[in-house]
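Trainee: Sharing a structure with you now.
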Amino acid sequence: MKQLTVISGKGGTGKTTLTAAFASLANNAVFADCDVDAADMHLILKPEVLETEDFCGLEGAVIDKDLCVECGKCREHCRYGAITEGAGTFKIDPLSCEGCAVCTLVCPEGAVSMQTRVSGQAFISRTRFGPMAHARLGIGEEASGKLVSEVRENAKKLAEKSGRELIIIDGPPGTGCPVIAAITGTDLILVVSEPTLSGLHDLKRVIELAKHFRIPAAVCINKYDINEENTRLIEDFCEGADIPVLGRLPYDDVATLAMLREESVIEYAEDNVLAGKLRLVWETLVTSFAGARP
């Protein structure tokens, strides 16, 4: 079983557009949307949810009113202003509580305890292209890296159960914990970049991350023709870093039009230039797997 993760240094570079196109071209794959903070692949693949499981992230503090003597020490020591007093009782705002548990340590009566709370949901679904694992993180919730790991584990189980040979992962942007969870142990990373100076800066950070974890990486430059000078800068960097550039995709409104129709670019405009370029990137990717680590 091979795993491909599509990531970028920032949001909005076109990861989901590429991933959805790959989904429509793959014959034997499982799909995973690991951008749990802002999941959007379901907007194109329109999954039919088969299973839903609550995700419990960080614990939150809870005050037992029967034990509380209203000494105020919990509020005094809370650095996040999560504890308020009203009508003679102390309350904890779950949106402000960071789960540090200091309040449980300073309460002389043991009236404060930590309890798990539902932070989101993980889904197993069926799409027109194959099985899909995805999730939704609650508003203001953390531990997205943990939820990403759960999505990947679900995708792996789906692949093993259905005999699929490839997992295609739509990863989160940046270089933080969710990205690390999305790329660790994968066979190949495809970094989607755009021809801006900030795009080049973000690309360098992502490549450093891939090298740190010793994961093979390749690059695709999206909307290359909006600034061909910056495109050349990206290509020069990739050549110096020995990173293959698998394709240069032109700017085309068809990508937006396809999303509005809840379709991949391949489905919406099969004979379009962008669709043809996406096919070439996919064919090159399939070939690249032969050189990826087993």
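Trainee: Relative to 2.2 N^0.38 Å, what does the C-alpha radius of gyration of the stretch 86-169 come to as a ratio? Two decimals please.
Mentor: 1.62
Trainee: Once every Cα of the stretch 63-205 carries one equal point scatterer and solvent is ignored, give the base-10 log of I(q)/I(0) from the Debye formula at q = 0.10, 0.15 Å⁻¹, two decimals.
Mentor: So the normalised log intensities are -0.57, -0.86.
Trainee: Restricting attention to the stretch 59-127, which GluC sites (Glu not before Pro) occupy a DSSP loop and are surrounded by at most 16 other Cβ atoms within 10 Å?
Mentor: Here the GluC sites (Glu not before Pro) that fit, given the DSSP loop and packing criteria, are 70, 98, 109.
Trainee: Do any cysteines in the chain lack another Cys Cβ under 4.7 Å, and if so which?
Mentor: 34, 56, 68, 71, 78, 97, 100, 107, 177, 220, 238
Trainee: Can you give me the pair-distance distribution of the stretch 153-294, C-alpha pairs, 5 Å bins, whole percents?
Mentor: 2, 9, 17, 19, 21, 18, 11, 3, 1, 0
Trainee: I'd like the antiparallel share, as a percent to the nearest 5, of DSSP beta bridges with both residues in the chain.
Mentor: 50
Trainee: Here's another thing I want to ask about it. Farthest toward the dipole's positive end in the stretch 151-294, which of 213, 272, 247, given Cβ charges of +1 (Lys, Arg) and -1 (Asp, Glu) about the Cα centre?
Mentor: 213
Trainee: While we're here: What share of all Cα pairs of the stretch 130-216, in percent, falls into each consecutive 5 Å distance bin?
Mentor: All Cα pairs considered, the percentages come to 3, 13, 22, 22, 18, 14, 7, 2, 0.
Trainee: Could you give the Stokes-Einstein D for the stretch 57-118 in µm² per second, using the C-alpha Kirkwood radius, 25 °C, 0.890 mPa s?
Mentor: In µm²/s, the coefficient is 215.
Trainee: Connecting C-alpha atoms closer than 10 Å in a GNM of the chain, tell me which of 194, 263, 53 has the biggest fluctuation.
Mentor: Comparing 194, 263, 53 in a Gaussian network model of the chain, the most mobile one is 53.
Trainee: Going 7 Å from the Cα of residue 59 along its beta-carbon direction, which residues of the stretch 132-146 have the amide nitrogen within less than 17 Å of the resulting point?
Mentor: 142-143
Trainee: Ignoring solvent entirely, what values of log10 I(q)/I(0) come out of the Debye formula for the chain at 0.09, 0.12, 0.13 Å⁻¹ when each Cα is a single scatterer?
Mentor: Each listed q corresponds, in turn, to -0.51, -0.78, -0.87.
Trainee: To make sure I understand the rule: partners must be lysines, Cα under 26 Å from the Cα of residue 2, and not fewer than 8 residues away in the same chain. Which ones qualify?
Mentor: Reachable lysines: 10, 15, 46, 146, 156, 157, 161, 204, 211, 277.
Trainee: Would you mind checking the radius of gyration and Dmax of the stretch 1-127 based on alpha-carbon positions, in Å?
Mentor: 21.7, 64
Trainee: Summing Lys, Arg as +1 and Asp, Glu as -1, what charge do residues with Cβ under 11 Å from the Cβ of residue 29 carry, residue 29 excluded?
Mentor: Around residue 29, the charge tally is +1.
Trainee: Let me ask another. Output needed for the stretch 225-294: three equivalent-ellipsoid semi-axes, defined as square roots of 5 times the C-alpha gyration tensor eigenvalues, in descending order, whole Å.
Mentor: Semi-axis lengths for the stretch 225-294 are 25, 18, 8 Å.
Trainee: Then there is this: Measure nothing fancy, just the Cα-based angle from helix 144-162's long axis to the longest principal axis of the chain, in degrees from 0 to 90, nearest 10.
Mentor: The helix 144-162 is inclined about 50 degrees to the chain.
Trainee: Okay, moving on. In nm, what is the difference between 0.36 nm times the number of residues separating residue 71 and residue 226 and their Cα-Cα distance?
Mentor: 49.5 nm
Rule-based calculations on the coordinates, nothing more; no lab input. Keep in mind it's a predicted model, so treat the numbers as computed, not measured. Using ideal geometry, Cβ is built from the backbone for each residue, glycine included, and neighbour counts are taken over all protein chains shown.
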